[in-house]
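What follows is a set of notes on a single structure, which appears directly below.
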Amino acid sequence: EGYYKIKRHADDYVAIPYSTGSSPSYSKLSYDVSGSFFDLDMSILEPNYLYEISFLRKDQNDYVEQKEKFKFRVDT
């Protein structure tokens, strides 16, 4: 199982938190033969800000956040 989190870099506001306890799991990654993926409606993010995406994976009964973070900017 994998999940993503979107955080605004300027003020650390979490726009989309990990949804490990939610039903439905809105930040859960989907997967197919090509690998993991997710659809993100970018219109929910405020333009002209830098955002950071983080990934969390389930390792047996524990959740482990990946060290790698990925940044992207939403422009108008």
- Message: Go through (1) free of Cβ contacts under 8 Å to residues at least 24 places away in the same chain; (2) farther than 16 Å from Glu1 by Cα; (3) surrounded by 15 or more Cβ atoms within 10 Å (Cβ to Cβ) for Val74 and report which single condition fails.
- Response: (1)
- Query: Looking at (1) open to solvent by less than 90 Å² (accessible area, probe 1.4 Å); (2) under 14 Å from Tyr4 (Cα atoms); (3) aromatic (Phe, Trp, Tyr), can you tell me which one Tyr49 breaks?
  - Reply: (2)
- Query: So, of the residues in segment 1-34 that are modelled with pLDDT of 90 or more and small (Gly, Ala, Ser), which turns out to be most open to solvent (accessible area, probe 1.4 Å)?
  - Reply: Ser34
- For segment 29-56, how many residues meet the condition of being of a type outside the set (S, T, N, Q), under 17 Å from Phe70 (Cα atoms) and not in a loop (DSSP other than H, G, I, E, B)? 9
- Could you please tell me which pairs satisfy a Cβ distance under 8 Å, a separation of 6+ or placement on different chains, a first residue in segment 36-50 that is without any contact (Cβ under 8 Å) to a residue 24 or more places away in the chain, and a second residue that is open to solvent by 60 Å² or more (accessible area, probe 1.4 Å)? Phe37/Tyr31
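The values are calculated or read from the model by the stated rules, or taken from the named source; none is laboratory data. If you're wondering where the values come from, they're calculated on a predicted model, not measured in any experiment. Cβ sites come from the backbone with ideal geometry, for glycine too, and all protein chains shown count toward neighbours. To get the accessible areas, we keep the full protein, side chains included, count just its heavy atoms, and leave off ligands, DNA and RNA. Shrake-Rupley method; radii C 1.70, N 1.55, O 1.52, S 1.80 Å.
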